[in-house]
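The values are calculated or read from the model by the stated rules, or taken from the named source; none is laboratory data. The structure displayed is predicted, hence computed values, not measured ones. Every residue, glycine among them, receives a Cβ derived from its backbone with ideal geometry; neighbour counts consider all protein chains shown.
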Amino acid sequence: MKSCRLPWYVVRSRAPAPGRAPEVVVEVHFANGLPSFSIVGLPDLKVRESHERVRAALQNCGFDFPIRRITVNLAPADLPKEFGRFDLPLGILAASGQIPAESLAHRGVLFLDELPEFDRKVLETLREPLEVGHITISRAAQHADFPAACQLIAAMNPYPCGWRGDPSGRCRCSPDVAARCLRKLSGPLMDRIDIQIELSALTPAELSARGGDRGEASAVVAARVAAAHDIQTQRQGKTNRELNGREADDVCGPDSAGEVLLRAAGERFGWSARAYYRVLKVVRTIADLARRATPEASHVAEAVQYRTCLKCPRLVLARSVLAEKRLLRLDLYTPPRSGRIFVRPPPP
């Protein structure tokens, strides 16, 4: 998406067509004059009628529908535009300044709160975009491919009461309750989630004691992440996430001690081949953040700890992993019923 000096915004979308998905450029222009909403560029009846649906959707979502002269051009002009799938609300929100244009870009963040509450069929549709970065939508005699690479972040309470691990001990749920909850999340879906951590609640004393501990500033963390990203692109021309299996073997392999620990963890937790390679990429990323040329056993230990909460909660709650005769600690905590997550990195 881009903007110029005039109130004009461009959203790139796709049109379904037999065997292909041609690009459609949605150009939203605001002008002075009597309020109106015009759609041009060979729209079919469903698209022409969409202005009323867009107006109702924006207002029901708490946004303001601009009282302006709005013209939406669907380019190219010689391509018939069928179905109401052209991101008109996003273009209008961006053009009116109600959301920043950059937030509409491909490769965004998808946050799912209370993950098990989503329908299992809906969750299973995430498997394809999480694996390959695009999604194929099939209808009768037609299918279309859309870019869908995103960073998935999900949160859940393993027990429906929401108080598991609370210091007051108010949770009275049986283990069977948690098992029923987790059964909504399939193994193939969980295989595609690289980092899985359990966060325990803080006591009131811990909450009051951490008032002066603000952790690292966001700018410091962002600089470290940017440096790691540069290391990856210079080394292999892509991010670690985009490595295939053979490339991951060549680039992400740890030292001998790390290899022993990684193999033992894979056997202990019964990782699939997909899970193994995802852990291996996390190992490489941790080493990049630490500016290490070769991943070490400590990096393997940290990556393993990030993936064991649903398999072995006691290990994560202990907050420690023994590797190379050193005790590594990673403190992860969150205030009760809070959406914020605080991370204390391991000491050097």
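Table for the structure above
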quantity	calculated
Residue list for the range 15-57, restricted to those being charged (D, E, K, R), modelled with pLDDT under 85 and either touching a Pro at 6+ places or on another chain (Cβ under 7 Å) or closer than 13 Å to A75 by Cβ (or both)	E23, D44
Residue list for the range 100-117, filter: modelled with pLDDT under 85 and assigned to a loop (DSSP other than H, G, I, E, B)	P100, A105, H106, R107, G108
Helices (runs of 4 or more DSSP H) (entirely within the range 166-263) containing at least 2 residues that are over 26 Å from the mean Cα position of the chain (by Cα), among the aliphatic types (A, V, I, L, M) and more than 29 Å from L112 (Cβ to Cβ)	204-209
Residue list for the range 153-165, filter: under 18 Å from the mean Cα position of the chain (by Cα) and closer than 10 Å to P116 by Cα	A154, A155, M156
Of all residues in the range 282-304 being in contact (Cβ under 8 Å) with a residue 60 or more places away in the chain and crowded, with 21+ Cβ neighbours inside 10 Å, the one that is nearest to H229 (Cα to Cα)	D288
Residue, surrounded by the fewest Cβ atoms within 10 Å (Cβ to Cβ), within the range 53-84, restricted to residues that are under 21 Å from S96 (Cβ atoms) and touching a Lys or Arg at 6+ places or on another chain (Cβ under 8 Å)	G84
Hits in the range 228-271 (condition: among the aliphatic types (A, V, I, L, M) and either exposed (fewer than 11 other Cβ atoms within 10 Å of the Cβ) or under 14 Å from A293 (Cβ atoms) (or both))	A228, I231, V251
